[in-house]
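This report concerns only the one structure given below.
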Amino acid sequence: MQVKDITRILEAFAPLEDQERWDNAGLCVGSPDDEVHRVLVGFDCTRQLVEEAVALGADMIVTHHPLIFNGLKHIAPEDPVGGAVYLAVRHGIAVYAAHTNADKAAGGVNELLVRRLGLVDAEPLDESRLGFIGRLPEPLSGADFCALVKARFGLKMLRCSAPVETVRRVATSCGAGSGFAEQAFAAGADAFVTGDVSYHHFIVPDGHMILDIGHFESEVDIVAKFVSVLQENLPTFAVCTTTQKNNNPIYYY
């Protein structure tokens, strides 16, 4: 098995050409012709994840977020990004990411977010497929909707604007999607669920609310999806997920 055999499967699910222009999805480290015997799937390619790949004997890592996103000025073991690159190269581990292309994919990050919320009759907000809108099976009060969201995502806490009286239609956008808020409300959403919401985005029109579930929480279901896509196409190949207890860089106390 070669790296290009793995990437071909992933790109059939999430075509690389669908990524946003500013993105850096694809093969970050390694050659398409490198041999692969075991793949480790995770969310972020941290140094800890590369160390885990080394311990497991994995020679390829697949993550959602790209390891190399902005330009690197140096590659040194003590640097968070450079250290992961350094270790991957040193141990001959290929690193691949499916990011905004996986956000948009059928059955990808945004559709997984819709499913976890239990929305019905959901459809994309626009042709980008970076936001969706659907309805709850039954209307809920704003407070009850907050409780539902916390339960569905296993949240200790939830940041939101003032709860509205009734929530019927809900819009979503994974990751840092607060830029879709105005579009979501214009499309008829009573509530908008996303992550990385800044202070001023919590100031919303009357009769609407915005909920920040966290960047990691809104996207992490893609890890299991990557595993299922690979296992369905390579049933006898070694594919494993990270065993880290918590690979969310944000902790809540």
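The values are calculated or read from the model by the stated rules, or taken from the named source; none is laboratory data. Keep in mind that what you see is a predicted model, and the values were worked out from it rather than measured. Note that each Cβ is placed from the backbone with ideal geometry, even for glycine, and that neighbours are counted across all protein chains shown.
Residue-level check: of (1) crowded, with 16+ Cβ neighbours inside 10 Å; (2) under 14 Å from residue 194 (Cβ atoms), residue 140 misses just (2). When residue 229 is tested against (1) surrounded by 22 or more Cβ atoms within 10 Å (Cβ to Cβ); (2) in contact with a strand residue (DSSP E or B) (Cβ under 9 Å, 6 or more places away or on another chain), exactly one condition is not met: (2). Scan segment 43-75 for residues that are crowded, with 19+ Cβ neighbours inside 10 Å and either without any contact (Cβ under 8 Å) to a residue 60 or more places away in the chain or β-branched (Val, Ile, Thr) (or both) and the total you get is 13.
Screening 163, 205 for residues that are surrounded by fewer than 22 Cβ atoms within 10 Å (Cβ to Cβ), in contact with a Cys (Cβ under 9 Å, 6 or more places away or on another chain) and assigned to a loop (DSSP other than H, G, I, E, B) leaves exactly one candidate, 163. Scanning segment 54-75 for residues being within 20 Å of the chain's Cα centre (by Cα) and not in a loop (DSSP other than H, G, I, E, B) gives a total of 4. Of all residues in segment 216-234, none that is closer than 16 Å to residue 38 by Cα and in the same structural domain as residue 131 (by TED's automatic domain parsing) has its Cβ atom under 9 Å from the Cβ atom of a residue that is buried (at least 18 other Cβ atoms within 10 Å of the Cβ) and of a type in the set (A, V, I, L, M), 6 or more apart or on another chain.
Can you spot a residue in segment 124-144 that is in a loop (DSSP other than H, G, I, E, B), without any contact (Cβ under 8 Å) to a residue 24 or more places away in the chain and either at negative phi or of a type in the set (Val, Ile, Thr) (or both)? Yes, segment 124-144 contains at least one residue that is in a loop (DSSP other than H, G, I, E, B), without any contact (Cβ under 8 Å) to a residue 24 or more places away in the chain and either at negative phi or of a type in the set (Val, Ile, Thr) (or both). Of the residues making up segment 25-41, those that are in contact (Cβ under 8 Å) with a residue 60 or more places away in the chain and crowded, with 16+ Cβ neighbours inside 10 Å are 25, 26, 27, 28, 29, 30, 34, 39, 40, 41.
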